[in-house]
Amino acid sequence: AVITYELASGLDNDNTFEIHPDTGIITIKGRLSRARKSKYMLTVAARDKGDRKAVEDAIVEIIIESDQSELLEFESDPYAFEVTEDAGQSDSSVGREVGTISVKNAASTGQVTYAIVDGDPDKVFVMDKSTGEIKT
């Protein structure tokens, strides 16, 4: 018997997954986000292309277990750092360390990237995207 597989169209088949018609292996076509959708219920149709011409459907439940951004927790919230004023100083203060931010569970969540996204319109501060260190 020659069996082919296909995903039935429906609400949960939003082109996120595809199925190989000969093997029935389901693969991901797009990005998964638990925040967007935590569970998919796909209907797989198996069709016998031989003499019997039988068709059988199966429901495949796919659960998205985690989204990295949901797992991040900062060591402190809020952070507070103090920096002395440069007025009247002859030394440049560019490159002075202000402080470092970090997440509690960086090792378990994979690579973490830090950035200043708001509150510094004059670009007075720079942040090391890998370490979370803030400098002037």
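The values are calculated or read from the model by the stated rules, or taken from the named source; none is laboratory data. Note that this is a predicted model, so its numbers are computed, not measured. Because the Cβ atoms are built from the backbone with ideal geometry, glycine has one as well, and the counts that use them run over all protein chains shown. The area values use the complete protein model at the heavy-atom level, side chains included, leaving out ligands, DNA and RNA. Shrake-Rupley method; radii C 1.70, N 1.55, O 1.52, S 1.80 Å.
The table for this structure:
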| read-out | value |
| --- | --- |
| Exposure of residue 77 as accessible area (Å², to 10), given a probe of 1.4 Å and all protein chains | 140 Å² |
| Lysines whose Cα lies under 18 Å from that of residue 39, excluding same-chain neighbours fewer than 8 positions away | 29 |
| Exposure ranking of 128, 120 by accessible area [1.4 Å probe, largest first] | 128, 120 |
| Surface accessible to a 1.4 Å probe, residue 56 within the full protein complex, Å² | 130 Å² |
| Sequence-distant residues sharing a close amide H with residue 132 (under 5 Å, placed H) | 114 |
| Per-residue SASA entry for residue 76, accessible area with 1.4 Å probe, Å² rounded to 10 | 50 Å² |
| Rounded to whole Å, sorted largest first: equivalent-ellipsoid semi-axes of the stretch 3-63, Cα gyration tensor | 25, 11, 8 |
| Qualifying trypsin sites (Lys or Arg not before Pro) for the stretch 1-53 [loop in DSSP, other Cβ within 10 Å: at most 16] | 29, 31, 34, 36, 37, 49, 52, 53 |
